[in-house]
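Peer 1: Structure below; questions to follow.
Values quoted throughout were computed directly from the atomic coordinates according to the rules given, and no laboratory measurement underlies them. As the structure is a computational prediction, the values presented were derived from the model and not from experiment. Note: ideal-geometry Cβ built from the backbone for every residue, glycine included; neighbour counts use all protein chains shown.
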Amino acid sequence: MDPLTEHHINLTRRHFLQRGTTAGLGAAALASLLNSPTIQAASRAEKNGPGYRPGEAGPVHFAPKAKRVIYLFQSGAPSQVDTFDYKPTLEKLDGQNLPDSIRGGQRLTGMTSRQKSFPAAKSFNKFTQCGQSGQWISDMLPHHQKIADEMCIIRSMYTEAINHDPAITFFQTGHQQPGRPSLGAWASYGLGSTNANLPAFVVLLDKNSDNQAQPTYSRLWGSGFLPSNHQGVKLRGVGDPVLYLKDPTGAGLQERREMLDVLAELNQQRFEQVGDPEIATRIAQYEMAYRMQISVPELTDFSDEPESTFKLYGEDARTPGTHAANCLLARRLAERDVRFIQLYHRGWDHHSNLPGRHPKLAKEVDQGSSALVQDLRSRGMLDDTLVVWGGEFGRTVYRQGGNATNYGRDHHPRCFSIWMAGGGIKGGTSYGETDDWSYNIVDKPTKGVHIHDLNATILHLLGIDHKRLTYRFQGRHYRLTDVHGKIVKGVLA
Amino acid sequence: MRCPSLLSVSATVVLSVVPTLLIAQEIDYARDIQPILSENCYQCHGPDRKARKAKLRLDVREMATAERDGFHAILPGKPEESIVIERLLSSDPEEVMPPPKSGNKLQRGEIALIRKWITEGADFSRHWAFIPPKRPSVPKTTRTSWSRSAIDHFVLSRLEQEGLAPSPEADRATWLRRASFDLTGLPPTSAELDAFLADQSPSAHAKAAERLLASPSYGEHMARYWLDAARYADTNGYQYDRNRDQWVWRDWVIHAFNTNMSFDRFTIEQIAGDLLPDATDQTRLATGFNRNHPITIEGGVIDEEYRTEYVVDRVVTTSTVWMGLTMICSRCHDHKFDPVSQKDFYSFFAFFNQVPERGLNGFDPRLKVASPLSVGQDTILGNQIADAEKIYRALLLETGGSHDVLARWEKTLSKRPRPTWKTGVPIRMTSEGGAELKALDDQSVLASGKNPTTEIYDLLLTKNSRKPMRAIRLEALMHPSLTNGSTSRGTNGNYVLSEFEVTYKLADKVHRVKIATAEADYEQQNYGIEKAIDGATGKAGWAVDGNTKKANRVATFLFEEPIPAEAAVRVRMIHSFGNSHQIGRFRLSVTGDQSASIPSAIQKALSLAPPKRTTTQREQLRNYLIGQFGPPELVKIAAKLTSLRREKAGAKTAFPATMVMAEKPGIRMTHILERGEYDKPGEIVGANIPSFFGSLPQNHPADRLALAKWLTGPDNPLTARVTANRFWQQLFGLGIVKSSEDFGRQSAWPSHPHLLDWLAVEFVDSGWDVKGLLKQIILSATYRQSSRISPGIHTRDPENRLLSHGPRMRLDGEVIRDSALSASGLLQPQIGGPSVYPYHPDGLWMELNNRPGYSRNYPHPKDPKNLYRRSIYTYWKRTVPPPTMATFDAPEREFCMVRRSRTNTPLQAFVLMHDPQFVEAARFLAQRMIQKGGSSPDDRLRFGFRTVTSRVPSAGELAILRRALNKRLAHYQADEPSAKTLLGIGSLPRNENLNIPEHAAYTAVARMLLNLSEAITKG
């Protein structure tokens, strides 16, 4: 081929497949087509970008450590000094005013910026050293104490956002303002799905019990500028698990089959007349819908679980929408090879009476989160399932309002703790540390873990180079980590 | 993303597309060279000053060709002496460009092309989209009979270059369906189809297009696209995402499209309607466009941070919508590809930075303006009132001989004696809830002791009058022993009297007394006294805001017929609200005086000297007098006048304040923000357009008005192209420039550059006539083509960018829903007004946010005015967008969006199959099939099929449907309960005149019809 022709081929490819991004991953979509030979791959790649038919895995950049992610998001932000950031130093500093040298001109929220003093409060509960690894974990989380050897606690997380909406949006989309695809959507876009009967990205919302809980927003599992089939599909604890899954007329399988057959027959006739491949895709999607009508109820029906399951997860697991039930559901989704399972537990935002309210939240999530890790381990699935647990920022070591026993803690973006376990993670370890006040990260340039670093690491574990997972929009190659993000090698097994 | 291992896969597919596009024989810088440089070199050698390496800039000719220590990066005509070529070809990893770590690499062909370009003189023409369009000459084509307009010449010329032929014309019904969807968002009705098919005149298409463009649905449909671009929503986004009222602005948009406001005016009013020398409230209303962005109420935020975000949002939205420029890329640094520096960004920012607004709760400035859609309504009402007044005066004159007749009647009325009320303790009092009832000295009755959640007081009245009884007065009285010293035993001091029931016994026969009217001195909203005499108990009743307003209350109940004096009268006070919302102390009085029937409001009016009466009192009194003394026709017209006046007054005050733009007094300085951060102000800049495009005229202040005029001015290269391209995208699915949001150097090369320029120039020359432009396209041969896709062409041009066939695409979610409503006959035609709440799965709002005081449940109303309006009126909550729409790719509306994705997913099947909206629509479509489709099953099936698809089914299709119908019919005949379940879905009851199994069987078939791929496709 002469160079000029070859050049034009490439030029054309760029113009037609939107240069770069879509050409790369889109190609994978081309490779696997509907059974109908008339369906042309190019059309799908063009219309939907990358993204895969159900049951169709995408390429990875290198061998993945984790095949799937279960992300237990603790919305509202748990307090690090009361959960995973053990600070014996605070025993002495308790009640002392936070020195300016530590605060260092830190931006405060409108809620405590007018406060006159900033007395430190040590953790209101005890910590215990657990497992062979000897990790310190709060007694508020007795079930977590059992999985200490599985957990890698990152104590040096930090973010820039200081209010809930931008902070949680940042965490889940890599940007504080709305408009970007969520982590799960990126994973769905980059990896496709390995289950033909379920979506690649599933969202579970725990029922909320805290009457001052922060809300959540569908942008957190949205697809941003990615094609919208990558957005998370909510599995609900009430009503239809998937919106409109159930036929409201109560039609049985046979009747539904009959309807689909008539539809398929008519659609097929039309397809033969007009040749539009979208019609064939539509037929296939109705078939997948039919399969989902069977697979989703099976998925959410726990009656096949033995008693031991409920012993492990707790009796709560019998009540749909509880954290325990959703953790169990997450395990069942993982068993069915759903790629990205995003769970939200709301209510950690305790600006007042934190010692009274935090234990209640801890009790809601402790057993379920821990049981999930144990369960995955005993099924041999923890090795290729990544579990992530944490909130959008930390809470201040100093008291907000109140007195020495009854106080709140304000938002704290400078340091906080999360944990990860499973696929590719070095269990029984911790990473990074905070100063005596749990106010700043020690050696932040090398040990600080920014949200972009965490997201880069999660993608890395999935076999994706975060710098190469891009989507072209508005003339730019966008990626989850913007122009940032470094793999946190210290947490990797 | 570059995955070398995959390129081979894609290449095989792409290869087949190539000949289609291989048209360039001569090198065109903008098309062939600039994309290579932009993609591979501009990151370090482009417009961004700070990122620039080796001080080399390759996007500007002077700099790229300048001598550098005796060398040239590019020496025109001499590739051998151009360092660029040497570096591109180098095999030394230290030397080669682009550097390997960038991940970029040029293909051999690309290098050859650059070489050829340098040899030919390295012409650097400006990026095409930055040069104002000129009207191109219309190309000649071999085929001469096909084209109907200039548009077609451009399209055909390209097809002929590719050796392709256009598709045959689509059949007429298909064209009408396509045009109806594109101009109104609704399918044609059977009647419209029949009329069009019968019109054999050559102007039939044009007439149909004009009819569609004149339809009020046109404005609704066009406005819907605009709402995506304008990120319109009914909530504030961010955190709790609470309600806002911005719908009057939406009405403005609908009105503007329907009145075919020229697009330049449309632009100027929305960007700067407040700054026009002849600004009116309506032009100020238009500026709501730039206030549609999300606004935060999150307590802890830094005010300036969010205020900055709002201004940035306006820059992003304005530059995307009118300029197709990705200005956001220069928020933190100079644009990497386009000539927009960071300074330009903030100069543009300065236009929108003058609003007197806050970041936290930044809802002001707001303005209470009437919807433009109501302006016409106002005139209509005014005329109706004038007409009614004429009749009224004439009748009054006729009745009384003079206009003074009212004064005479008033005298008569005021001579009637005031009623005397006789108070008494009931002779027998029972509390059904087990409370203790005790008479106090003032003859009132106090309840104490057991306090049940609901309560009925059963009272037998004393006979203390010899006159027939005409009315009972009930006083609810405060007492220290009651909740907070109120009148009630309820948990919060309020009561709800569910029913005030009066019966009497005469000769051992019990009679229920009909209460003609009831009056109370105070009524809580939605808990009027009429609810206490409506014959129904339950939660509804008369309440008095007792939790916040502590006072004695009085109500009067007037009987339709007097109760004979000798009867024993029994009263039952029913409190069934719950929470012990019962009156705790009350007193009953009775009267036999006729004047008791004069309502208290009238008595009050009568007691005032005429000049002291309010307008309302005068009107009430007048109507009452007419009612008492006048003939029925006068009563009727007076009532009509009152209701018309009320409607007119209500229409004016009903509008919420709309957020609009305004300029603050003095000037807010605009700084370049380092890294785009609100708290890192740098150099001060004035408002200006990006310097690459020149600057604003000096004789006018550099404000939004100047910007709007520049956007629509003769030198602007972008606005007309970007806009025409978006209309093209609406009709054909893809724009001529596919990246309709980006016309910059990284944009997709236009499929028909000359056509785009022709459309842009034509659009401007027509006076920015939107309807005119759409009509031209709709009538073109290009648009009229059949959309059948042959396998060959699909392999070659899968996106139909060459336009070798007509447009074919899945309809947007809104159109799909509106079409189903239209097919079922349920669609409500009312235009404009507040957003409505159609069917919505339970609990979606609360599961994301259930904080008391900051959240609410979806209201789930049952009335047709909420359920069956067009989807543009559906309440749009940004954090939970309407699920039916979202499933079909509607955006959240959190930011500007000018191009939706168009997916094909199983979740869409669930919506069409199971959303009650579609099931109910199928039931009503079935009803129409049975009632209007004819008497034979085939006729009915044909009718239904045609209603949904705009065409007659083939014999084969009909046979499939017939089989399905018969099968369903047999099923429902054998299982009537399941038929009833199907017919019970939705809020409207089923038509009981229809045979149940038959109705159900047709409903099942109608569901299949609404689920057809064809039903949701514009083909």
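Peer 1: Among B:SER835, A:SER417, which comes first, second and so on when ranked by fewest other beta-carbon atoms within 10 Å?
Peer 2: B:SER835, A:SER417
Peer 1: Further question on the same structure: Provide the descending list of Cα extents for chain A along its principal axes, expressed in whole angstroms.
Peer 2: If we take the Cα atoms of chain A, the spans are 81, 60, 42 Å.
Peer 1: In sequence order, what are the phi-derived ³J(HN,Hα) couplings for region A:352-362 according to the Karplus relation 6.51 cos²θ - 1.76 cosθ + 1.60 with θ = phi - 60°, rounded to whole Hz, with x for glycine and proline?
Peer 2: The phi angles translate into 9, 6, 5, x, x, 8, 4, x, 5, 5, 4 Hz.
Peer 1: Here's a follow-up. Show which aspartates and glutamates lie in cross-link reach of A:LYS444 when reach means a straight Cα distance below 17 angstrom and same-chain residues fewer than eight apart are skipped.
Peer 2: A:ASP85, A:GLU160, A:GLU433, A:ASP435, A:ASP436, A:ASP453
Peer 1: Structure shown: which of A:LYS87/A:LYS426; A:LYS447/A:LYS486; A:LYS486/B:LYS101 lie over 18 Å apart, alpha-carbon to alpha-carbon?
Peer 2: A:LYS87/A:LYS426
Peer 1: Same structure again: Once you place label points 7 Å from the Cα toward the Cβ at B:GLU81 and B:ALA516, how far apart are they in nm?
Peer 2: Placing both labels 7 Å beyond Cα along the Cβ direction yields 11.1 nm.
Peer 1: Report the full-extension gain for the segment B:LYS648 to B:THR453: residue separation times 0.36 nm, less the Cα-Cα distance, to one decimal in nm.
Peer 2: Extra length from B:LYS648 to B:THR453 when fully extended: 65.9 nm.
Peer 1: Remind me, relative contact order of chain A in percent, using alpha carbon pairs under 8 angstrom and six or more residues apart?
Peer 2: Here the relative contact order equals 27 percent.
Peer 1: If you don't mind, there's one more thing I want to ask. Just how large is the dipole of the protein assembly as shown about the Cα centre, in debye to the nearest 20, putting +1 at every Lys and Arg Cβ and -1 at every Asp and Glu Cβ?
Peer 2: In debye, rounded to 20, the protein assembly as shown gives about 2740.
Peer 1: Here's another thing I want to ask about it. Under a point spin-label approximation (7 Å from Cα along Cα-to-Cβ), what is the A:SER113-B:THR616 distance to one decimal in nm?
Peer 2: 4.5
Peer 1: Can you give me the relative contact order of chain B as a percent, contacts being Cα pairs under 8 Å and 6 or more apart?
Peer 2: 16
Peer 1: Using the beta-carbon distance between B:LEU89 and B:SER695 and R0 = 45 Å, what value does 1/(1 + (r/R0)^6) give for FRET efficiency, to the nearest 0.05?
Peer 2: Once rounded, the FRET efficiency stands at 0.60.
Peer 1: Here's something else I'd like to know. Report the FRET efficiency, 1/(1 + (r/R0)^6), for A:GLU433 and A:PHE302, where r is their Cβ-Cβ distance and R0 is 30 Å, rounded to 0.05.
Peer 2: 0.15
Peer 1: If you don't mind, there's one more thing I want to ask. Enumerate by residue number the trypsin sites (Lys or Arg not before Pro) in region B:398-452 meeting two conditions: DSSP loop (anything except H, G, I, E, B), and at most 14 other Cβ atoms within 10 Å of the site's Cβ.
Peer 2: Hits after loop and neighbour filter: B:LYS450.
Peer 1: Report the FRET efficiency, 1/(1 + (r/R0)^6), for B:ASP441 and B:THR503, where r is their Cβ-Cβ distance and R0 is 30 Å, rounded to 0.05.
Peer 2: The value I calculate is 0.55.
Peer 1: How long is the gain from B:ASN857 to B:ALA214 if the chain were fully straight, where each residue apart is worth 0.36 nm and the alpha carbon distance is subtracted?
Peer 2: 227.6 nm
Peer 1: Would you mind giving the average projected area, over all directions, of the Cα convex hull of the protein assembly as shown in nm² with one decimal?
Peer 2: 65.5
Peer 1: Which lysines does B:LYS207 reach when only Cα atoms under 23 Å apart count, and residues fewer than 8 places away in its own chain are ignored?
Peer 2: B:LYS771, B:LYS775, B:LYS1018
Peer 1: Same structure, new question: List the trypsin sites (Lys or Arg not before Pro) within region A:320-409 that fall in a DSSP loop (any state other than H, G, I, E or B) and whose Cβ has at most 13 other Cβ atoms within 10 Å.
Peer 2: A:ARG379
Peer 1: Roughly speaking, what is the stretch gain from B:SER190 to B:ALA959, that is 0.36 nm per residue apart minus the C-alpha to C-alpha distance, in nm to one decimal?
Peer 2: So the extension gain works out to 274.7 nm.
Peer 1: Going by alpha carbons, how many degrees (0 to 90, nearest 10) lie between the helix axis of A:3-16 and the longest principal axis of chain A?
Peer 2: 70
Peer 1: Please list, ordered by chain and number, the residues whose modelled amide H lies under 5 Å from the amide H of B:ILE736; skip anything fewer than 5 residues away on the same chain.
Peer 2: B:GLN729
Peer 1: Can I ask one more? 5 Å is the cut-off here: which amide hydrogens, built 1.01 Å from N in the peptide plane, fall below it relative to B:THR670, excluding neighbours closer than 5 in sequence?
Peer 2: B:VAL685
Peer 1: Reachable lysines from B:LYS438, Cα under 22 Å, same-chain residues fewer than 8 places away excluded?
Peer 2: Partners found: B:LYS422, B:LYS450, B:LYS463.
Peer 1: Among all helices in chain B defined by DSSP H, which have a length of 30 Å or more along the axis from Cα atoms plus a Kyte-Doolittle mean of at least -1.0?
Peer 2: Passing helices, by number: B:372-400, B:632-653.
Peer 1: Now, a different point. What is the distance in Å between the Cα centroid of region A:235-307 and that of region B:437-465?
Peer 2: 62
Peer 1: Tell me the angle of helix A:253-274 to the major Cα principal axis of chain A, expressed in degrees between 0 and 90 and rounded to the nearest ten.
Peer 2: Tilt of helix A:253-274: around 60 degrees.
Peer 1: Just for the protein assembly as shown, what percent of DSSP beta bridges are antiparallel, to the closest 5?
Peer 2: 75
Peer 1: So, one more: Quick one: work out the % antiparallel among DSSP beta bridges in chain B, nearest 5.
Peer 2: So the antiparallel bridges amount to about 95 percent of the total.
Peer 1: Sticking with this one: Between region B:350-383 and region B:515-581, what's the alpha-carbon centroid distance in Å?
Peer 2: Cα centroid to Cα centroid, the span is 41 Å.
Peer 1: Let me ask another. Show me, for region A:81-88, the HN-Hα J-couplings you get by feeding each phi into the Karplus relation (A = 6.51, B = -1.76, C = 1.60, θ = phi - 60°), rounded to Hz, glycine and proline as x.
Peer 2: Working through the residues one at a time gives 6, 9, 10, 10, 9, 5, 10, x Hz.
Peer 1: Name the shape class, rounded, prolate or oblate, that the alpha-carbon gyration tensor gives for region B:543-701, where a ≥ b ≥ c are the square roots of its eigenvalues, rounded holds for a/c under 1.5, and otherwise prolate holds if a/b is larger than b/c and oblate otherwise.
Peer 2: prolate
Peer 1: Just to confirm the number: angle between the C-alpha axis of helix A:323-335 and the first principal axis of chain A, 0 to 90 degrees, nearest 10?
Peer 2: 40
Peer 1: State, to one decimal in nm, how far the label point of A:ALA493 lies from the label point of A:ARG291, with both points 7 Å from Cα in the Cβ direction.
Peer 2: Each label point lies 7 Å from its Cα, and together they span 3.0 nm.
Peer 1: Given charges of +1 on the Cβ of Lys and Arg and -1 on the Cβ of Asp and Glu, with all other atoms neutral, how large is the dipole of chain B about its Cα centre, in debye to the nearest 20?
Peer 2: For chain B, the charge dipole is close to 2960 debye.
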